[in-house]
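Note sheet for the following structure.
The values are calculated or read from the model by the stated rules, or taken from the named source; none is laboratory data. Since we're looking at a predicted model, the values are computed, not measured. Cβ sites come from the backbone with ideal geometry, for glycine too, and all protein chains shown count toward neighbours. Only protein heavy atoms, including side chains, enter the accessible area calculation; ligands, DNA and RNA are left aside. Shrake-Rupley method; radii C 1.70, N 1.55, O 1.52, S 1.80 Å.
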Amino acid sequence: MDIQTFWNETVRKLEGRISDNDFGCWLQSIQPIELHERSLRAEVPSAMHRDQICARLRPEIAAVLEEQLGPGADLVLSVNKSRQPPAAEAKPSARPQGEAYTFENFVVGRSNQLAYSGACEVAARPGSAHNPLFLHGGVGLGKTHLASAVASHLARGVRRRILCLSAESFANDLIRAFVTNATEAFRARIRHLDVLVVDDIQFLAGKERMQEEFFHTFNALYAAGKQIMLASDQPPRDIPNLEDRLRNRFESGLIARIQSPESTLRLAILLRKAAAIGFDLPKDVAQWVAAKVVSSVRELEGALHRLVAACRSAGRALDLDFAMAVLRPILRTPPPKTLEQIQRLVADNFSMRLEDLVCHRQQNRLRVPRQIAMYLARHSIGATYAEIAAAFGGRDHSTIIHTVRIAEERRQRDSEFARLVDDLGERFASA
Ligand code: ADP
Ligand code: MG
């Protein structure tokens, strides 16, 4: 597969995981150059592009590259001023063709049944079936897919004003409105909608001003009988630093959790996705993949993608042996033992219980030990974000990415923190 085809696929996978703004402004400015082992080298037109992409999109891009290339994959950006930035008005339609997120191509099973039927009811009776509809579940389980399916279903037929965006885009638009004295226009635009779909609402955690604005938006739309749909990686009660009044609003309609797909659903999804791209996926291979790749639909798609790419480049059909050889690098067994050793070391160092380190309770005294333990898991043993997430009580992937990033940044600027982390790292290495 050539580098551009590979990158197009990366971009397609990022679609829906990042905001339209980030997609148009930043992602499309990346020009892939070469793939060296697990590192994708690419160019951008300016240092600002490089900095913005690193700050805003790096974890998401790295996560997709890990799905495609295996653990430790990353993007290396360099500046090439002769590259033209893409047209400023990059519209979603400029995206490479991927399958649209619709109800028709959403495969239903026990783990997503409630979310699916809730979404169908909202699409059939917006404003009256469930308001709000709140979907939650781990990464790659279909929340964005269902949210987009509702929005695009409602956009057909009757004229409705619909906005479907990520909470981060909501926040960015609001900040821009503040800065340009256009807050009233922003409010008028949002509050006249018929349907508001906000993805990754957990982004509002700890952002008081954004929460306040969203609270008023929510009330205005709700009072007018307009439909609100929200998706999050956590249920309302577990989103940290969320005002109670907003939590109450979020809990006032239907809350539906999407769980990791069960084995029959994993198999059905694989067969459905292979058929959609006309790829001949033997049943025994599909069964084996469905038994091995268990945590999310996104990872299933990643596995399928690797099989397709490997068959194309080898010019051969797929069989079980070949599938095993291709997927073995991404199916390495997680290192629970070593992860637990890191957790124990950190817990002992801070004289705390292992359970406290791993649990979901939000307390100041737990924050730094968790940051350090996750940092070490990532950097000392190269655990993937998914492995760390599993070892820390099934947290969300994006929470781990965020926490590791905070620890990395703090290690750069806080020499005492750096000494502590490095000291623990050395003790782990020599244990
Ligand atoms: P989330 O928002 O929960 O992180 P996404 O909605 O982005 O996950 O889903 C990740 C990928 O998996 C998308 O390509 C999506 O189309 C696909 N997907 C998830 N669940 C299903 C499903 N039940 N049927 C078909 N495709 C699915
Ligand atoms: Mg999503």
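Got the relative contact order for segment 205-304 handy, in percent, Cα pairs under 8 Å and 6 or more residues apart?
Working: 60 pairs, mean separation 23.7, N = 100.
Answer for segment 205-304 is 24 percent.
Only one residue of A155, L265, F178 has its Cα farthest out toward the positive end of the dipole of the chain, where Lys and Arg carry +1 and Asp and Glu -1 on Cβ, and that residue is A155.
If DNA, RNA and ligands are ignored and the probe is 1.4 Å, what is the ranking of S260, S148 by accessible area, most exposed first?
Working: S260 65, S148 30 Å².
The ordering from most to least exposed comes out as S260, S148.
Once the Kirkwood radius over Cα pairs is known for segment 336-400, the Stokes-Einstein relation at 4 °C and 1.567 mPa s delivers a diffusion coefficient of 113 µm²/s. The eigenvalues of the Cα gyration tensor, multiplied by 5 and square-rooted, give segment 161-259 an equivalent ellipsoid with semi-axes of 21, 16, 12 Å from largest to smallest. Taking all protein chains together, E409, E208, E60 sort by accessible area into E208, E409, E60, largest first [probe 1.4 Å]. Of F250, V294, A224, which is farthest on the positive side of the dipole of segment 221-342, counting Cα position, with +1 on Lys and Arg Cβ, -1 on Asp and Glu Cβ, and the Cα centre as origin? Of the candidates, A224 comes out farthest on the positive side. Between the alpha-carbon centres of segment 1-62 and segment 99-143 there is a gap of 29 Å. Work out the charge dipole of the chain with +1 on the Cβ of Lys and Arg and -1 on the Cβ of Asp and Glu about the Cα centre, then indicate which of P71, V44, G425 is farthest towards its positive end. Looking along the dipole axis, the top candidate is V44. At a threshold of 8 angstrom on Cα-Cα distance, excluding pairs fewer than six apart, so keeping six or more, what relative contact order does segment 298-431 reach in percent? Relative CO of segment 298-431 lands at 20 percent. In segment 1-61, the C-alpha radius of gyration followed by the widest Cα-Cα span (Dmax) gives 11.1, 30 angstrom.
Dipole magnitude for the chain: about 600 debye, using +1 per Lys or Arg Cβ and -1 per Asp or Glu Cβ, origin at the Cα centre. Taking the chain as a Gaussian network of alpha-carbon nodes connected by springs under 10 Å, the highest mean-square fluctuation of the residues V108, V197, V139 belongs to V108. Over 25 Å between C-alpha atoms is what I'm after, so list which of K143/K283; K143/K292; K13/K273; K13/K292 land there. K143/K283, as the Cα separations exceed 25 Å there. Entry for the chain at q = 0.08, 0.13 Å⁻¹: log10 I(q)/I(0) = -0.48, -1.33, Debye formula applied to identical alpha-carbon scatterers, no solvent contribution. For the pair D284 and Q4 in one chain, pulling the backbone fully straight at 0.36 nm per residue adds 97.7 nm over the alpha carbon distance.
When you count, for each residue, the other Cβ atoms within 10 Å and take the mean per peptide, how do 46-59, 353-366 rank with the highest first?
Working: 46-59: 15.9, 353-366: 12.7.
Packing proxy ranking, top to bottom: 46-59, 353-366.
Looking at the chain alone, DSSP beta bridges between its own residues are antiparallel in about 15 percent of cases. Computed on protein heavy atoms with a 1.4 Å probe, the accessible areas place M352, M324 in the order M324, M352, largest first.
For L40, neighbours were defined as the other residues whose beta-carbon sits under 9 Å from its Cβ, and their charges (Lys and Arg +1, Asp and Glu -1) total 0. Relative contact order for the chain: 14 percent, from Cα pairs under 8 Å spaced at least 6 residues apart, divided by residue count.
Each Lys and Arg contributes +1 and each Asp and Glu -1, all at the Cβ; summed about the Cα centre of segment 148-281, the dipole is approximately 540 debye.
On the chain, 50 percent of the accessible area sits on carbon and sulfur atoms, based on a 1.4 Å probe.
Charged side chains reduced to their Cβ positions (Lys and Arg at +1, Asp and Glu at -1) give segment 334-431 a dipole of some 180 debye around its Cα centre.
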